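Heads up, the thing below is written out as structure tokens.
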Amino acid sequence: VKQRMEVRPAAQGRAAAGRVALLVVLLPVCCRAAPERIRYAIAEELGRGSLVGPLARDLGLSPADLPARKLRIVSGDEKQYFTLGEDKTNLRVNQRIDREEICGAASPCVLSLEAVVENPFNVFHVSVTIQDINDNAPQFDREFVAIEMIESTPPGARFPLGSGRDPDIGVNSLQNYQLHPNPLFSLVVRESPDGTKHAELVLEKSLDREKQRNHHLVLTALDGGDPVRSGTAQIKINITDANDNPPVFTKEIYKVRLVENLPEGSLAFQVKATDGDEGTNAEITYSFSDISNRARQLFTLDSRTGDVKIRGPLDYEEGKYYEASVEGKDGGGLTAHAKVHIDIIDVNDNAPTLSLLPILNPIPEDSFPSTVVAVINVRDRDSGDNGEVSCNIDGHLPFRLEPSSENTYKVVLASALDREKVSAYNITITARDRGSPALWSRASLVLEVSDVNDNAPVFEEAAYSAYVAENNAAGAEVVRVRARDADAGANGRVSYWLAGGSAGAAASVSVEARSGAVYAQRSFDYEQCREFAVAVRAQDGGAPARSSTATVRVFVLDRNDNAPRVLWPAAGAAAGAGAGASPSASPFEVVPRSAEAGYLVAKVVAVDADAGRNAWLSYELVQAAEPALFRVGLHSGEVRTARAVSERDAAKQRLVAVVKDHGQPALSATATLHVVLAESLQEALPELSERAAGADSAAELQFYLVLALALLSALFLLSVALAVLARVRRA
């Protein structure tokens with residue numbers, strides 16, 4: 001527990017310095033201050049910026065700790081009398097402090113405030129005692145006092161002179177009265193139970209009006225300050241003829257209790273005096289003989305009836321007690337005096353006041369329960385039950401109030417926060433007193449919830465399917481994936497990456513990091529790869545980052561990009577609608593002349609690498625020497641005789657069949673079949689030899705054409721090279 005001591009200014013003189021030194025030595029030995037209470041003492045009227053005390057040091061904070069601990073002060077007063085210096089370490093005076101204005105006659109005069117530190121959070125209660133200085137001289141309510149005395153007044157009679165006023169307290173307040181020396185009069189000082197000193201004039205010798213009608217005296221009020229201050233009042237005494245019976249009040253002291261906030265003009269109370277004389281000597285007039293300026297502004301006295309009425313607003317918080325002296329004077333000049341003690345009764349006319357100091361705004365959504373959000377200072381100027389205040393948070397919010405001290409509460413987190421559900425809270429605190437009827441006031445705090453990366457991106461679909469026709473252009477968009485992140489800012493900013501997939505899939509597609517668009521990296525071939533899958537990862541920008549993965553399955557759609565290929569008989573294929581091919585080594589089929597209709601000559605076998613309708617094949621004869629002799633099966637490719645072979649039919653028959661797929665546009669290939677009509681193989685041999693010779697001649701012609709083309713190309717290239725060489729040599 002760190003020990004605290006009061007700090008007193010060194011300018012109080014040697015005696016005060018000695019007392020402070022003694023206090024410094026004895027205080028740590030005889031007592032230990034509460035760890036949450038720090039006390040300072042300063043003189044009133046210090047200039048702005050004057051040092052009150054080393055607050056940071058007394059809290060145990062080093063200069064290196066200050067930025068993280070965020071030292072602040074909170075005051076519930078309307079005026080901010082104190083502030084932290086620019087160095088944020090010392091408590092200093094912020095504005096003029098007048099002890100008499102703040103506390104009046106109350107002693108001690110203490111101003112309270114709270115020092116708030118964070119990391120960890122704590123509240124320290126600081127009290128500053130305002131010490132009185134002798135900055136006010138005593139003053140009389142009336143500078144001129146007129147007293148009428150009957151010449152028959154016996155010696156020893158006393159006449160109240162009223163009392164001086166000094167707002168200072170202690171030794172600086174009014175201590176004594178002095179009267180200018182006079183052989184007929186002396187001065188007696190009386191002290192009332194509340195410590196107020198009153199001066200009374202005492203008649204020492206008999207008066208003789210015929211010798212001297214008037215006497216002039218000077219009354220001086222002195223305080224006990226250093227240096228001494230004083231105030232004076234002039235006393236004029238008029239000597240009148242005898243009047244046997246002085247007035248007599250019904251009470252020596254009138255004790256009155258008044259409720260504050262009585263309307264102006266209301267009858268507060270009545271004083272009453274009687275006189276045994278008759279005529280004008282029995283006519284009594286009333287007046288205040290001793291009353292403070294503040295009380296004179298609040299009460300008025302009817303000089304004839306003695307009725308005291310309200311003339312100004314009564315406020316318990318401004319003044320709880322008033323005292324006055326009432327004088328009753330008859331027509332002959334005799335007087336009587338009575339005291340009036342007025343107690344003001346408090347009513348609940350002040351609503352509580354709230355001061356809010358935010359500590360953590362915005363608050364991270366992952367803050368733990370019991371985290372301090374704000375500090376509230378509550379004040380109610382009323383007293384008793386009217387000044388007892390309770391606070392609560394309106395509505396069902398994840399916050400609660402915890403009392404920190406008599407007038408201070410902490411707003412702490414009661415349960416976990418989720419920014420994605422509620423991003424801001426409007427916290428309304430209601431302070432209600434226990435008066436009847438109760439008064440209340442509210443203060444609001446808008447608390448923002450800051451985001452933390454507690455949500456991973458979520459794809460709109462767990463798996464995406466894309467359908468792409470083969471032979472697509474490289475760079476074409478395949479599909480677009482999208483993921484949403486409930487977080488905000490960088491925590492909710494999603495980027496996309498490839499995270500693997502089936503063999504070769506990663507090289508086939510790419511993903512744009514910002515939009516999630518998946519693009520083809522190459523042209524797809526249905527015949528090589530019909531489908532593949534890749535994994536796309538969505539990752540946010542938080543630290544640490546969160547991610548999720550979705551599967552993108554790409555299906556390649558077939559296009560009619562493959563013409564049918566004839567497996568038998570061997571033939572050249574043609575690409576394009578209706579394109580034919582010339583036979584290169586067309587086979588021969590021998591058909592006996594005795595063949596009947598439906599005789600199987602051969603079967604054209606073809607395949608198509610495409611799928612679906614693009615691979616559905618149909619067969620058709622497009623060329624035949626005897627069109628009516630042969631037919632081909634539309635779907636089977638079987639070549640059969642359409643009728644019986646006759647002797648009139650040519651011995652050699654050349655058939656050309658076209659094979660078509662059903663794509664759009666359709667692709668086709670042709671097959672050439674040579675048929676020899678003979679009863680036996682020996683009969684067909686001459687025809688076969690002639691056909692082979694024709695084939696050899698065509699092959700030899702093709703060879704010479706190719707050789708000639710090659711020679712021409714070589715000569716052309718040589719000419720170009722020689723021309724370039726000649727140009728280079730000239731250059």
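The values are calculated or read from the model by the stated rules, or taken from the named source; none is laboratory data. The structure displayed is predicted, hence computed values, not measured ones. FYI the Cβ positions are ideal-geometry reconstructions off the backbone, even for glycines, and counts take in every protein chain you see. Surface accessibility is based on the protein's heavy atoms, side chains included, excluding ligands, DNA and RNA. Shrake-Rupley method; radii C 1.70, N 1.55, O 1.52, S 1.80 Å.
Here the calculated FRET efficiency for R37 and S436, from their Cβ-Cβ distance with R0 = 30 Å, stands at 0.35, rounded to the nearest 0.05. For the range 248-345, the calculated P(r) over all alpha carbon pairs, in 10 Å bins from 0 to the bin holding the longest distance, is 16, 49, 25, 9, 1 percent.
Beta bridges per DSSP, both residues in the range 353-450: antiparallel share near 95 percent. Annotation: amide H of Q623 within the under-5 Å range of V656, sequence separation 5 or more or interchain, hydrogens built in the peptide plane.
Each residue of the range 363-371 is assigned a 3J(HN,Hα), and the resulting list reads 9, x, 5, 9, 5, 7, x, 6, 5 Hz, derived from the Karplus form 6.51 cos²θ - 1.76 cosθ + 1.60 (θ = phi - 60°), x at Gly and Pro. On a 0 to 90° scale, report how tilted helix 13-30 is relative to the longest principal axis of the chain, with both axes built from alpha carbons and the result rounded to the nearest 10. Tilt of helix 13-30: around 60 degrees.
Ranked from largest to smallest solvent-accessible area, with a 1.4 Å probe on the protein heavy atoms, S450, S127 come out as S450, S127.
Each Cα pair of the range 353-450 feeds into the Kirkwood radius, which the Stokes-Einstein equation turns, at 4 °C and 1.567 mPa s, into a diffusion coefficient of 93 µm²/s. Each DSSP beta bridge with both residues in the range 107-258 is either parallel or antiparallel, and the antiparallel ones are about 85%. For the range 385-433 versus the range 106-171, the inter-centroid distance based on Cα atoms is 41 Å.
Taking Lys and Arg as +1 and Asp and Glu as -1, the other residues whose beta-carbon sits under 11 Å from that of T83 total +3.
Look at the Cα gyration tensor of the range 139-240: its axes a ≥ b ≥ c give a/c of at least 1.5 with a/b over b/c, and that counts as prolate.
Quick one: helix 681-730 against the long Cα principal axis of the chain, what's the angle to the nearest 10°, folded into 0 to 90? Orientation of helix 681-730: about 50 degrees from the principal axis. Near S523: Cβ cut-off under 13 Å, other residues only, Lys/Arg at +1 and Asp/Glu at -1. The net charge is -2.
Separation of the range 227-276 and the range 530-570, taken as the distance between their Cα centroids, equals 109 angstrom. Between amide H atoms placed 1.01 Å from N, distances below 5 Å from S50 occur with V93, all of them 5 or more places distant or on a separate chain.
Only beta bridges with both residues in the range 38-131 are counted; by DSSP, about 75 percent of them are antiparallel. Annotation: per residue accessible area for the chain equals 53 Å², rounded to a whole number [probe 1.4 Å, protein chains only]. In terms of overall dimensions, the C-alpha atoms belonging to the range 38-131 reach 42, 22, 21 Å along their principal axes, ordered largest to smallest. Over all pairs of different C-alpha atoms in the range 190-259, the reciprocal of the mean inverse distance, the Kirkwood hydrodynamic radius, equals 16.5 Å.
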